[in-house]
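Novice: Sharing a structure, written as structure tokens. Questions coming.
The values are calculated or read from the model by the stated rules, or taken from the named source; none is laboratory data. Not measured: the values here are computed from a predicted model. When we count neighbours, we look across all protein chains shown, and the Cβ atoms used for this are built from the backbone with ideal geometry, even at glycine.
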């Protein structure tokens with residue numbers, strides 16, 4: 001299979017690329033930093049003799065969407081891993097920060113995926129994998145701007161899954177909890193609730209192989225978030241999460 005990965009320089013995407021390459025798949029890796037992409041390319045070709053194409057691409061550059069789509073629309077699977085956590089407090093006072101959080105995690109993700117969704121629908125096959133987050137399941141005071149973008153993205157993927165079902169196109173929503181990555185290196189994460197990029201990659205690969213609709217990783221986040229979502233609002237707002 002041929003996979004297109006957007007946000008390919010993230011820790012999770014790197015682990016996923018290695019796993020996919022080890023299974024004999026072809027890869028197209030898109031991210032902003034050319035030098036990091038080239039390091040990945042050399043590593044994957046050396047380790048697995050993989051067919052790998054890398055190209056610098058910023059999801060904020062809407063003007064390049066058509067070019068990327070035209071070049072790579074023949075892929076079998078599109079994986080959107082790009083994300084930006086940002087700073088909720090800064091975003092409250094900064095249009096630029098809020099805009100970036102919304103565009104990377106929702107708006108530009110939707111605009112980009114739509115092109116491939118229509119192509120896959122016409123082809124009557126294909127897989128779309130989008131990374132949302134457990135943060136999108138319920139709004140919390142600590143990260144509600146990021147959470148709202150991820151929540152919107154999850155609803156988009158749900159609707160897209162419904163629309164494309166009859167055409168045979170698979171849409172998978174990935175909802176990770178805490179992950180030990182560069183993005184969270186300054187956060188104090190609870191070890192029992194925190195996954196690794198390698199574990200997330202294995203879970204995503206399993207979801208693709210088994211045709212899952214929604215994949216929480218680690219698995220217990222599905223039930224933890226169900227409990228959190230069942231807490232009445234009058235109580236939840238007092239918890240100051």
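Novice: Quick one: would you say residue 184 is within 18 Å of residue 10 (Cα to Cα), more than 15 Å from the chain's Cα centre (by Cα), surrounded by fewer than 20 Cβ atoms within 10 Å (Cβ to Cβ) and touching a residue at least 40 places away in the same chain (Cβ under 8 Å)? Talk me through it step by step, then tell me what you get.
Specialist: Numbers: within 18 Å of residue 10 (Cα to Cα): yes; more than 15 Å from the chain's Cα centre (by Cα): yes; surrounded by fewer than 20 Cβ atoms within 10 Å (Cβ to Cβ): yes; touching a residue at least 40 places away in the same chain (Cβ under 8 Å): yes.
It is true that residue 184 is within 18 Å of residue 10 (Cα to Cα), more than 15 Å from the chain's Cα centre (by Cα), surrounded by fewer than 20 Cβ atoms within 10 Å (Cβ to Cβ) and touching a residue at least 40 places away in the same chain (Cβ under 8 Å).
Novice: Collect the residues in the stretch 37-72 that are more than 20 Å from residue 115 (Cα to Cα), in a helix (DSSP H, G or I) and in contact with a helix residue (DSSP H, G or I) (Cβ under 9 Å, 6 or more places away or on another chain), keeping them in residue-number order.
Specialist: If the condition is that a residue be more than 20 Å from residue 115 (Cα to Cα), in a helix (DSSP H, G or I) and in contact with a helix residue (DSSP H, G or I) (Cβ under 9 Å, 6 or more places away or on another chain), then 40, 43, 44, 45, 47, 48 are the ones that fit.
Novice: Pull up the stretch 76-101, narrow it to residues that are loosely packed, with under 15 Cβ neighbours inside 10 Å and without any contact (Cβ under 8 Å) to a residue 24 or more places away in the chain, then point me to the one that is nearest to residue 19 (Cα to Cα). Even if it seems obvious, please write down each step before you answer.
Specialist: Taking the stretch 76-101 as the starting set, the residues that turn out to be loosely packed, with under 15 Cβ neighbours inside 10 Å are 87, 89-90, 92-96, 99.
Applying the additional criterion that residues be without any contact (Cβ under 8 Å) to a residue 24 or more places away in the chain yields 87, 89-90, 93-96, 99.
On the way: 87: 31, 89: 36, 90: 36, 93: 40, 94: 38, 95: 38, 96: 36, 99: 33 Å.
This residue is 87.
Novice: Among the candidates 73, 64, 2, single out the residue that is surrounded by 13 or more Cβ atoms within 10 Å (Cβ to Cβ) and without any contact (Cβ under 8 Å) to a residue 12 or more places away in the chain.
Specialist: Working: 73 fails: without any contact (Cβ under 8 Å) to a residue 12 or more places away in the chain; 2 fails: without any contact (Cβ under 8 Å) to a residue 12 or more places away in the chain.
After applying the criteria, what remains is 64.
Novice: Just a yes or no: is a residue in the stretch 188-199 exposed (fewer than 12 other Cβ atoms within 10 Å of the Cβ), at pLDDT below 95 and in contact with a strand residue (DSSP E or B) (Cβ under 8 Å, 6 or more places away or on another chain)?
Specialist: yes
Novice: Sticking with this one: How about the stretch 130-147: which of its residues are within 15 Å of the chain's Cα centre (by Cα) and assigned to a helix (DSSP H, G or I)?
Specialist: Of everything in the stretch 130-147, those that are within 15 Å of the chain's Cα centre (by Cα) and assigned to a helix (DSSP H, G or I) turn out to be 134, 135, 136, 146, 147.
Novice: Considering only residues that are buried (at least 20 other Cβ atoms within 10 Å of the Cβ), free of Cβ contacts under 8 Å to residues at least 60 places away in the same chain and within 18 Å of the chain's Cα centre (by Cα), which ones fall in the stretch 16-53?
Specialist: Across the stretch 16-53, the qualifying residues are 17, 27, 28, 29, 30, 31, 37.
Novice: Does residue 163 satisfy the condition of being in contact with a helix residue (DSSP H, G or I) (Cβ under 9 Å, 6 or more places away or on another chain), surrounded by fewer than 22 Cβ atoms within 10 Å (Cβ to Cβ) and more than 30 Å from residue 233 (Cβ to Cβ)? Talk me through it step by step, then tell me what you get.
Specialist: Values: in contact with a helix residue (DSSP H, G or I) (Cβ under 9 Å, 6 or more places away or on another chain): yes; surrounded by fewer than 22 Cβ atoms within 10 Å (Cβ to Cβ): yes; more than 30 Å from residue 233 (Cβ to Cβ): yes.
It is true that residue 163 is in contact with a helix residue (DSSP H, G or I) (Cβ under 9 Å, 6 or more places away or on another chain), surrounded by fewer than 22 Cβ atoms within 10 Å (Cβ to Cβ) and more than 30 Å from residue 233 (Cβ to Cβ).
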